[in-house]
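*Asks:* Before I ask anything, let me first share the structure, which is written out below as structure tokens.
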Amino acid sequence: MHASRVSHRHSRPTGPACGTIRRVSARPDESGEQAEDRGEVAPEVAAALAAYAADATAYLELLRAVLGSRLLLPMVPIEEGAAMGAALLTSSTGRRGLLAFTGIEPLRRWDADARPLPVRAREAAEAALAERAEAVVLDVAGPTRVVIDGEDLAAIARGRTLGFVGDRPAWVPA
């Protein structure tokens, strides 16, 4: 079995959520899977976010909750009166992250006019890497911001899941 280690090099984002927004194109999910979705943060994701806010060592549980959840990409106009696209945030250090939200309330906190595009975590990770972003930034306007990057982002984009090899967490084939 091929497994890759889970990155523990994550850090909580600090400072203001600012930077340059760049719009990227995205396609809506046409599967109809989210027909009943009302945009609420999934209870397991809310619990994992609260645990992570209290203790950064809860990052693995947060990743596990996000893997099975729906995220919302904020769709915003990319040209006046034209196409819509998802948003990339560029930090003052030049790192780029695709914005994603765990629910409609955190999305509205960032931009009340953005339209939510429901995607799976894997689709968000794939979109970030396709746009050469280094991260997916969850709930950038709070209350708990999370950056998923590096090996974790790549593993999610490849469809891996969190498992254990012995007593150590690892990304394993789904």
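*Asks:* Out of all the residues in region 24-34, is one or more assigned to a strand (DSSP E or B) and either open to solvent by less than 30 Å² (accessible area, probe 1.4 Å) or modelled with pLDDT under 50 (or both)? Spell out the reasoning first.
*Replies:* Let us first name the residues in region 24-34 that are assigned to a strand (DSSP E or B), namely 24-25.
Of the ones still in play, those that are also either open to solvent by less than 30 Å² (accessible area, probe 1.4 Å) or modelled with pLDDT under 50 (or both) are 24-25.
Yes, some residue in region 24-34 is assigned to a strand (DSSP E or B) and either open to solvent by less than 30 Å² (accessible area, probe 1.4 Å) or modelled with pLDDT under 50 (or both).
*Asks:* Please verify whether residue 134 is surrounded by fewer than 23 Cβ atoms within 10 Å (Cβ to Cβ), at pLDDT 95 or above and acidic (Asp, Glu), treating the condition exactly as stated. Full working, then the answer.
*Replies:* Working: surrounded by fewer than 23 Cβ atoms within 10 Å (Cβ to Cβ): yes; at pLDDT 95 or above: yes; acidic (Asp, Glu): yes.
The answer is yes for residue 134.
*Asks:* Yes or no: residue 169 of a type outside the set (Gly, Ala, Ser), closer than 24 Å to residue 55 by Cβ and in a loop (DSSP other than H, G, I, E, B)?
*Replies:* no
*Asks:* Can you tell me which residue in region 87-104 is nearest to the chain's Cα centre (by Cα), limited to those that are free of Cβ contacts under 8 Å to residues at least 40 places away in the same chain and crowded, with 18+ Cβ neighbours inside 10 Å? It would help to see each step written out before you state the result.
*Replies:* Step one: filter region 87-104 for residues free of Cβ contacts under 8 Å to residues at least 40 places away in the same chain, giving 93-94, 100-101.
Next, from what is left, pick out any that are crowded, with 18+ Cβ neighbours inside 10 Å: 100-101.
On the way: 100: 5, 101: 7 Å.
So the residue we want is 100.
*Asks:* Condition check: among the acidic types (Asp, Glu), farther than 24 Å from residue 51 by Cβ and open to solvent by 50 Å² or more (accessible area, probe 1.4 Å). Does residue 151 satisfy that? I'd like the intermediate steps shown before the answer.
*Replies:* Working: among the acidic types (Asp, Glu): yes; farther than 24 Å from residue 51 by Cβ: no; open to solvent by 50 Å² or more (accessible area, probe 1.4 Å): yes.
For residue 151, the condition - among the acidic types (Asp, Glu), farther than 24 Å from residue 51 by Cβ and open to solvent by 50 Å² or more (accessible area, probe 1.4 Å) - is not met.
*Asks:* Could you list, ordered by first residue, the pairs with Cβ atoms under 7 Å in which the first is in region 105-131 and at pLDDT 95 or above and the second is surrounded by 20 or more Cβ atoms within 10 Å (Cβ to Cβ) and of a type in the set (Asp, Glu), at least 6 apart or interchain?
*Replies:* 106/139
*Asks:* Hey, another quick one. Does residue 54 qualify as being open to solvent by less than 60 Å² (accessible area, probe 1.4 Å), closer than 29 Å to residue 163 by Cβ, aliphatic (A, V, I, L, M) and modelled with pLDDT of 95 or more? If you could, list the steps in order and put the result at the bottom.
*Replies:* Details: open to solvent by less than 60 Å² (accessible area, probe 1.4 Å): no; closer than 29 Å to residue 163 by Cβ: yes; aliphatic (A, V, I, L, M): yes; modelled with pLDDT of 95 or more: yes.
When the stated conditions are applied, residue 54 does not pass them.
*Asks:* Right, here's the next one. In region 105-123, how many residues are closer than 11 Å to residue 74 by Cα, open to solvent by less than 50 Å² (accessible area, probe 1.4 Å) and not acidic (Asp, Glu)?
*Replies:* Narrowing region 105-123 to residues closer than 11 Å to residue 74 by Cα: 106-108, 110-119.
When the remaining residues are screened for being open to solvent by less than 50 Å² (accessible area, probe 1.4 Å), the result is 106-107, 111, 114, 117-119.
Next, from what is left, pick out any that are not acidic (Asp, Glu): 106-107, 114, 117-119.
Counting residues in region 105-123 that are closer than 11 Å to residue 74 by Cα, open to solvent by less than 50 Å² (accessible area, probe 1.4 Å) and not acidic (Asp, Glu) gives 6.
*Asks:* Additional query: Out of the residues in region 47-86 meeting the condition of being over 14 Å from the mean Cα position of the chain (by Cα) and among the charged types (D, E, K, R), tell me which one is nearest to residue 122 (Cα to Cα).
*Replies:* 61
*Asks:* If you don't mind, there's one more thing I want to ask. Can you tell me which residue is surrounded by the fewest Cβ atoms within 10 Å (Cβ to Cβ) among those in region 137-148 that are among the β-branched types (Val, Ile, Thr) and within 16 Å of residue 88 (Cα to Cα)? Even if it seems obvious, please write down each step before you answer.
*Replies:* Just the residues of region 137-148 that are among the β-branched types (Val, Ile, Thr), to begin with: 137, 140, 144, 146-148.
From what's left, within 16 Å of residue 88 (Cα to Cα): 137, 140, 146-148.
Details: 137: 27, 140: 24, 146: 23, 147: 20, 148: 25.
The residue in question is 147.
The values are calculated or read from the model by the stated rules, or taken from the named source; none is laboratory data. For clarity, every value in this text was computed on a predicted model and none was experimentally measured. Cβ sites come from the backbone with ideal geometry, for glycine too, and all protein chains shown count toward neighbours. What goes into the accessible areas is simple: the full protein's heavy atoms, side chains included, and nothing from ligands, DNA or RNA. Shrake-Rupley method; radii C 1.70, N 1.55, O 1.52, S 1.80 Å.
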